[in-house]
Amino acid sequence: MRARMGGQLCMETGVTTMTIAADSTPESAGRLKRELKAAEAKKRAVALLLIAPLAIFLLLIFVVPIGALLTRAAQNPEVVNALPHTLGALSTWDRKTPPPDAAYAALATDMTVIADSDGMGALARRLNVEIPGYRSLVAKSARAMPFVDDNSKPLQLTPAQFHAKFAELDERWNDIAYWQAIAKNGSPYSPFYLLASLDHKQDAFGHIVPTDPDQQIYLAVFSRTFVIGAAVTLFALLLGYPLAYWISTLSERRANLVMILVLIPFWTSILVRVAAWIVILQSEGLVNKALVGSGLLHDPLALLFNRTGVYISMTHILLPFMILPLYSVMKSIPPTYQRAAVSLGSHPFAAFWRVYVPQTYPGIGAGALLVFILAIGYYITPALLGGPNDQMVSYYVAYFTNVTINWGMACALGGLLLAATLVLYAIYGRFTRSSLSLG
């Protein structure tokens with residue numbers, strides 16, 4: 001009986017072994033791989049469906065509008081739309097000799113068409129950027145169109161006669177520079193605004209050259225923006241790091257209470273906080289009254305309408321954005337690491353500097369990046385608390401958008417600021433990946 005059961009068991013074991021061997025064939029392995037890939041694809045599809053509404057929302061609300069605005073930085077339609085016949089007559093012009101007489105006849109045709117339309121104003125504004133005073137020349141020429149006789153009937157003139165009429169109307173039409181300004185804007189797309197944002201321009205022949213020294217302001221504005229952003233980031237780090245460290249050492253109840261105090265400024269409008277700093281920092285404000293009343297100073301300090309007021313207000317406003325990332329990282333660091341270093345003979349400060357601080361680098365990087373990116377986009381605070389030499393790029397973006405209605409220049413400046421932000425994100429992402437790989 002036992003022998004029979006043993007034989008049956010051996011047969012069943014053999015069948016099981018044969019089944020396992022059969023299941024481990026290449027065909028079954030390939031089928032298993034396909035099933036795993038199908039399962040992974042299904043999970044990926046479900047995840048994409050879950051985030052699809054958010055992705056569509058971000059695409060429609062942020063990406064598409066920003067992309068549409070950035071294209072305005074390269075658009076140059078004013079001259080092309082207003083002077084099509086003139087550009088056609090100048091298409092073979094070498095831009096060195098005087099323009100052909102046919103260009104004057106074509107200019108008369110185009111000026112007659114746009115004399116009473118919005119295209120004349122757009123053309124005048126665009127050409128006035130190329131040569132100051134071009135606006136008055138365009139307006140004067142458009143008002144004189146068409147050339148008429150004493151009976152107010154349009155004259156039938158030859159191209160040479162149109163040339164003479166324009167020269168008689170204004171001698172500037174004999175200046176080749178005014179025609180070069182028209183000819184070099186013969187394309188609906190141009191790097192003009194992007195180059196102007198970097199204090200460069202195209203000459204009459206399309207070569208990129210620096211702008212005149214008295215017009216080179218935007219590189220200085222960008223450097224000022226980055227200097228202010230870096231200084232505010234440094235001040236926020238110097239103030240926020242010890243505060244975040246102190247909060248991380250408190251009990252949970254006390255830490256929550258202090259974090260509420262840190263977050264209270266978020267409940268107040270930035271404009272209100274800036275107005276409060278104007279009251280505090282003015283000559284008769286609380287700071288100067290305290291300094292003068294204590295005898296430390298005899299005259300009040302100039303804390304408003306200069307860089308000092310900008311630094312103080314921006315640091316105060318952006319400080320919570322530094323504290324929050326630092327605190328989240330510090331809270332996750334076990335305190336036993338420092339105690340272990342001290343127990344092994346390290347000085348407490350050396351243990352803090354060599355053991356604790358390196359573990360907070362992700363928080364420092366995240367807080368510094370967040371504060372710096374927010375700082376370089378500030379507009380209200382420098383406009384209200386700073387002087388003329390403290391305005392940042394955002395001020396000029398608002399100026400070109402609201403005052404001069406120059407969307408091309410505004411979008412070019414904003415696009416360069418966005419590019420700088422993306423570069424910072426890329427550098428931070430690479431830095432964090434390197435830190436994780438080393439860790």
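The values are calculated or read from the model by the stated rules, or taken from the named source; none is laboratory data. What you see is a predicted model, and the numbers here were worked out from it, not measured in a lab. Cβ atoms come from the backbone with ideal geometry, glycine included; neighbour counts cover every protein chain shown.
Scan segment 307-339 for residues that are assigned to a helix (DSSP H, G or I), at pLDDT below 90 and surrounded by fewer than 17 Cβ atoms within 10 Å (Cβ to Cβ) and the total you get is 3. Residues in segment 247-271 that are in contact with a helix residue (DSSP H, G or I) (Cβ under 8 Å, 6 or more places away or on another chain) and part of a helix (DSSP H, G or I): ILE247, SER248, ALA255, VAL258, MET259, VAL262, LEU263, PRO265, PHE266, ILE270, LEU271. Note on segment 166-177: among residues that are within 19 Å of ALA115 (Cα to Cα) and either in contact (Cβ under 8 Å) with a residue 40 or more places away in the chain or among the β-branched types (Val, Ile, Thr) (or both), the one that is surrounded by the fewest Cβ atoms within 10 Å (Cβ to Cβ) is TRP173.
The residue list LEU243, LEU261, LEU238, LEU198 contains one member that is within 27 Å of TYR379 (Cα to Cα) and surrounded by 13 or more Cβ atoms within 10 Å (Cβ to Cβ), which is LEU198.
Within the bounds of segment 363-384, is there any residue that is under 24 Å from ILE323 (Cβ atoms), small (Gly, Ala, Ser) and part of a loop (DSSP other than H, G, I, E, B)? So far as segment 363-384 goes, yes, one or more of its residues are under 24 Å from ILE323 (Cβ atoms), small (Gly, Ala, Ser) and part of a loop (DSSP other than H, G, I, E, B). Selection over segment 401-439 of residues that are over 30 Å from GLN75 (Cα atoms) and either modelled with pLDDT of 85 or more or of a type in the set (D, E, K, R) (or both) gives a count of 2.
Name the residues in segment 267-278 that are closer than 15 Å to THR315 by Cα and either among the β-branched types (Val, Ile, Thr) or loosely packed, with under 10 Cβ neighbours inside 10 Å (or both), would you? Within segment 267-278, ILE270, VAL274, ILE278 qualify.
Condition check ((1) under 25 Å from MET111 (Cα atoms); (2) more than 41 Å from the chain's Cα centre (by Cα)) across all residues:
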{"residue": "SER28", "(1), (2)": "no, yes"}
{"residue": "ALA38", "(1), (2)": "no, yes"}
{"residue": "ARG44", "(1), (2)": "no, no"}
{"residue": "PHE62", "(1), (2)": "no, no"}
{"residue": "GLY67", "(1), (2)": "no, no"}
{"residue": "LEU70", "(1), (2)": "no, no"}
{"residue": "THR86", "(1), (2)": "yes, no"}
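The condition of being within 25 Å of ALA244 (Cα to Cα), touching a Gly at 6+ places or on another chain (Cβ under 8 Å), of a type in the set (A, V, I, L, M, F, W, C) and in the same structural domain as THR233 (by TED's automatic domain parsing) holds for only one of ALA375, ALA350, that being ALA375.
Of all residues in segment 101-152, those that are assigned to a loop (DSSP other than H, G, I, E, B) and either crowded, with 16+ Cβ neighbours inside 10 Å or in contact with a Phe, Trp or Tyr (Cβ under 6 Å, 6 or more places away or on another chain) (or both) total 4.
Within segment 409-431, not a single residue is touching a Gly at 6+ places or on another chain (Cβ under 8 Å), among the small types (Gly, Ala, Ser) and under 20 Å from ALA220 (Cα atoms). Of all the numbered requirements in (1) of a type in the set (D, E, K, R); (2) surrounded by 10 or more Cβ atoms within 10 Å (Cβ to Cβ); (3) modelled with pLDDT of 80 or more, LYS96 misses one, and that requirement is (2). When each of VAL342, VAL371 is tested for being of a type outside the set (S, T, N, Q) and either within 16 Å of THR233 (Cβ to Cβ) or at pLDDT 90 or above (or both), the lone residue that passes is VAL371.
Restricting attention to segment 365-404, the residues that are within 17 Å of SER269 (Cβ to Cβ), of a type in the set (A, V, I, L, M) and in contact (Cβ under 8 Å) with a residue 40 or more places away in the chain add up to 4.
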